[in-house]
Amino acid sequence: MSPYLAAWIFWIMMFFAIELPAVFNRQPGDTLSEVIWRVFAVRGKPAGWQLRRVVLLLGLGWLVAHLLTGGKV
């Protein structure tokens, strides 16, 4: 097993170690989705909301294109 594969497996395990308790404790603002919604101003329109949403859209668009093209983008 390569060190990178081991690191990615560890990262995924840590993600679930953080996310699962956040899902089940039912406190708002704990899950990754809720943090992203807050940081990128998906709900509401605080100062800079348009720029935040554009950054989120571009980042997610790049990620989808990158994954679908096998890394050509």
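The values are calculated or read from the model by the stated rules, or taken from the named source; none is laboratory data. Source: prediction; values computed, not measured. When we count neighbours, we look across all protein chains shown, and the Cβ atoms used for this are built from the backbone with ideal geometry, even at glycine. Note: areas computed on protein heavy atoms with side chains; ligands, DNA, RNA excluded. Shrake-Rupley method; radii C 1.70, N 1.55, O 1.52, S 1.80 Å.
Sub-6 Å Cβ pairs linking a first residue in the stretch 26-43 that is open to solvent by 80 Å² or more (accessible area, probe 1.4 Å) to a second residue that is part of a loop (DSSP other than H, G, I, E, B), at least 6 apart or interchain, are Trp37/Arg43, ordered by first then second residue.
Please tell me if Gly71 is open to solvent by less than 100 Å² (accessible area, probe 1.4 Å), without any contact (Cβ under 8 Å) to a residue 24 or more places away in the chain, farther than 24 Å from Ala17 by Cβ and not in a helix (DSSP H, G or I).
The answer is yes for Gly71.
Does the stretch 38-50 contain at least one residue that is part of a helix (DSSP H, G or I) and more than 23 Å from Ile12 (Cα to Cα)? Yes. Go through the stretch 44-60 and give me each residue that's in contact (Cβ under 8 Å) with a residue 12 or more places away in the chain and either open to solvent by less than 60 Å² (accessible area, probe 1.4 Å) or hydroxyl-bearing (Ser, Thr, Tyr) (or both). Once the filter is applied, which keeps residues that are in contact (Cβ under 8 Å) with a residue 12 or more places away in the chain and either open to solvent by less than 60 Å² (accessible area, probe 1.4 Å) or hydroxyl-bearing (Ser, Thr, Tyr) (or both), the stretch 44-60 yields only Leu56. Look through the stretch 13-42, keep the residues that are among the polar types (S, T, N, Q) and more than 19 Å from Leu56 (Cβ to Cβ), and return whichever of them is modelled with the highest pLDDT. If we take residues in the stretch 13-42 being among the polar types (S, T, N, Q) and more than 19 Å from Leu56 (Cβ to Cβ), then Asn25 is modelled with the highest pLDDT.
Being part of a helix (DSSP H, G or I), surrounded by 12 or more Cβ atoms within 10 Å (Cβ to Cβ) and within 13 Å of the chain's Cα centre (by Cα): is that true of Val64 here? No; evaluated as a whole, the condition is false for this residue.
The set of residues in the stretch 1-25 being open to solvent by less than 80 Å² (accessible area, probe 1.4 Å) and either touching a Leu at 6+ places or on another chain (Cβ under 9 Å) or of a type in the set (Lys, Arg) (or both) consists of Phe15, Glu19, Ala22. For the stretch 27-34, the condition holds for no residue, the condition being that it is under 13 Å from the mean Cα position of the chain (by Cα), in a helix (DSSP H, G or I) and of a type in the set (Val, Ile, Thr).
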